[in-house]
Amino acid sequence: MIINKIGTNLKDIETPELIIDLDILDANVNTVSKAYSNSHLKMRAHTKNLKSPYLARRQVEAGGSNGGVCTAKVSEAEVMVEGGFKNILIANQVVSDDKIERLCSLAKFADMKVGIDNIDNLNNLSKFAIKHNVILGVLVEINTSMFRCGVRSSDYAVELAKRAIELEGINFKGVMSHQSIKDYTTEEERWKIGEEYIDICLESKRAIEEAGMDVEIVSTGETFTFDIVLKYPEITEVQGGTYALMDLNYPYMPFDIAVKVLSTIVDIYDDKITIDAGNKCIAAPNNATPLIEGVKSDLVEMGLDYSVHKILDGKKYNIGDKVYLLTTHEDGLMNRWDKFVGIRKEIVEGSWDILGRGCHH
Ligand SMILES: Cc1ncc(COP(=O)(O)O)c(C=O)c1O
C-alpha cells in the first residue's frame, strides 16, 4: 500500500507520518557548510542520528565535510558502506570477536576507523586485522565529561598510542572525544564548558606528540560545540549529529527542527486535544516531553497510539485539524519509523527508507 505519494499536499497526508522538512534540513547543513568550508576543520557527520545514507549524502554534498561519516555501531557502518561511504569512523568501542570480524570485513570495502580505550581490545583488533589481512585505523577515545567510555588519563592515551603503533594490522590515527552539556545559563558558560572539555582531549593529543608520535586526526564534538571548535587549530574534524534534523534539546543553537510527526486531532474536550500519535511513533527519553509545534502545550498523557495535550494559550482547533508533534530526541524518533516523507513547501517530494533503523549491533 502506498500512501503519501509524491505531490501530496501536507493537508492531505495520512497520519501519523514522520515528516522531514527538506528546506529546513538544507538550511541546517548549509549553516555547517558556511562555517567549515573555508576552515581548517571539517564535518564528519554522525549518522546514528539520521540513519539514512541518502540524508548523510546531503550532509556531505552540502560542503564543509571531509567526506567521511561516524557511526555508533558496526551494523550502522554496514548500512553506510552499502550506501557508498568509503571513510567511516565507528566513534565507539567494538569489543566482541564477532563484531570485530564484521569490522574487518568492512575494511575490505572502506577505510574503517574505530575508537579504542583499552589495551586488550586493541590487541584483539590487531589479531583479527592480521587474520583478515586488513588495516584498521584507531583513535584513542578520551573521556572529557561523559564517563561512559574513553581513557581517563593522558598517560594511558600515550601508552595506547605507542602500542597501536607497534601492532600489525593497526594504523594509529589520533584521538577523539565527545561531550554533552547539561545545565548552563549563559552563552559564556556554554563556551566555557565546551572549551574545558575540548582542552582535556587536546591535553592527550599533545602528550602523544610530546612522546614523539604523529597525531593526524583530532575528531571531537557534537552539536553544542559546533561553533566553539572553530577556535582550535588542532581539531581536524567534528562529529556533528543532531544539528541536521534537530530536536527540542538545543533551542540555543543556530539550527531549526526539520523532523516532526504529523498527527491528526481525533478528539477535543475543553482545552485538551487528543491526537493520533503516541509512544509508538515519537521518542522522548529521560522523561523529556514532546510538544505541539506553534502553541504552548503540556503533555497530559502519552498512550501507545494516541496522546493527549493541554493547549495553554487558548488556540482553538477542530477535529480533523493536523498538528506537528516535536520530539526531544531526533535519533530515537528516527529509530521508531521504517520510512520518512520529505516535504518542501508543504508538498511531498519523496519517501525514503530509514535503512539504519534498528541497527543495535
Ligand atoms: C561519539 C559521539 N559523537 C558525536 C555525537 C553527536 O552528538 P550530537 O547529537 O549532540 O551532535 C554523539 C551522539 O550521541 C556521539 O555519541
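Read-outs: derived from the displayed coordinates by stated rules, not from any lab. As the structure is a prediction and not an experimental result, all values here were calculated from the model. Cβ placement follows ideal geometry from the backbone for every residue including glycine, while neighbour counts extend to all protein chains displayed.
Computed quantities for the displayed model
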quantity: Greater than 28 Å apart at Cα, pairs in Lys11/Lys48; Lys162/Lys192; Lys42/Lys113; Lys48/Lys182; Lys99/Lys162; calculated: Lys11/Lys48; Lys162/Lys192
quantity: Long pairs among Lys34/Lys260; Lys51/Lys260; Lys272/Lys296, criterion Cα-Cα beyond 23 Å; calculated: Lys34/Lys260
quantity: Relative contact order (percent, whole number), segment 296-361, Cα cutoff 8 Å, 6+ residue spacing; calculated: 19
quantity: The chain: angle of helix 97-106 to the longest principal axis, Cα-based, in degrees nearest 10; calculated: 90
quantity: Anisotropy class of segment 35-107 from Cα gyration tensor, a/c 1.5 cut; calculated: prolate
quantity: Ile88, Ile268 arranged by Cβ crowding within 10 Å, fewest neighbours leading; calculated: Ile268, Ile88
quantity: Stokes-Einstein D for segment 199-334, Kirkwood Rh over Cα pairs, 37 °C, 0.692 mPa s (µm²/s); calculated: 188
quantity: log10 of Debye I(q)/I(0), alpha-carbon scatterers only, for segment 22-244 at 0.08, 0.13, 0.15 Å⁻¹; calculated: -0.26, -0.71, -0.95
quantity: Length released on extending from Lys11 to Asp97, taking residue separation times 0.36 nm less the Cα-Cα span; calculated: 25.9 nm
quantity: Using θ = phi - 60° and Karplus 6.51 cos²θ - 1.76 cosθ + 1.60, couplings along segment 325-339 (whole Hz; Gly, Pro as x); calculated: 9, 9, 9, 8, 8, 5, 4, x, 4, 4, 6, 7, 10, 7, 9
quantity: Mean Cα-pair separation over length for segment 22-244, i.e. relative contact order, pairs under 8 Å, 6 or more apart, %; calculated: 20
quantity: Distant alpha-carbon pairs in segment 1-70 (separation over 14 angstrom), percent; calculated: 65
quantity: Cα gyration tensor shape for segment 56-160, rounded if a/c is under 1.5, else prolate or oblate; calculated: oblate
quantity: In degrees, nearest ten, helix 187-210 long axis to first principal axis of the chain (Cα); calculated: 20
quantity: J(HN,Hα) series, segment 62-77, from Karplus relation 6.51 cos²θ - 1.76 cosθ + 1.60, nearest Hz, glycine and proline x; calculated: 5, x, x, 10, 8, x, x, 9, 10, 9, 9, 10, 5, 5, 5, 5
quantity: Local net charge near Ala56, Cβ-Cβ under 11 Å (Lys/Arg +1, Asp/Glu -1); calculated: +3
quantity: Label-to-label distance, nm, for residues given as Arg148 and Met302 (7 Å Cα→Cβ offset); calculated: 1.8
quantity: Principal-axis tilt of helix 22-36 within the chain, Cα atoms, nearest 10 degrees; calculated: 30
quantity: Computed E for Ile135/Asp183 - FRET, C-beta separation, R0 56 angstrom, nearest 0.05; calculated: 0.85
quantity: Size-normalised alpha-carbon gyration radius of segment 226-291, reference 2.2 N^0.38 Å; calculated: 1.61
quantity: Centroid-to-centroid separation of segment 204-225 and segment 1-54 [C-alpha atoms, Å]; calculated: 31
quantity: Mean separation of Cα contacts under 8 Å (6+ apart) over length of segment 229-284, as relative contact order %; calculated: 20
quantity: Nonlocal amide H pairs with Asn171, under 5 Å, H built at 1.01 Å; calculated: Leu136, Gly137, Val138
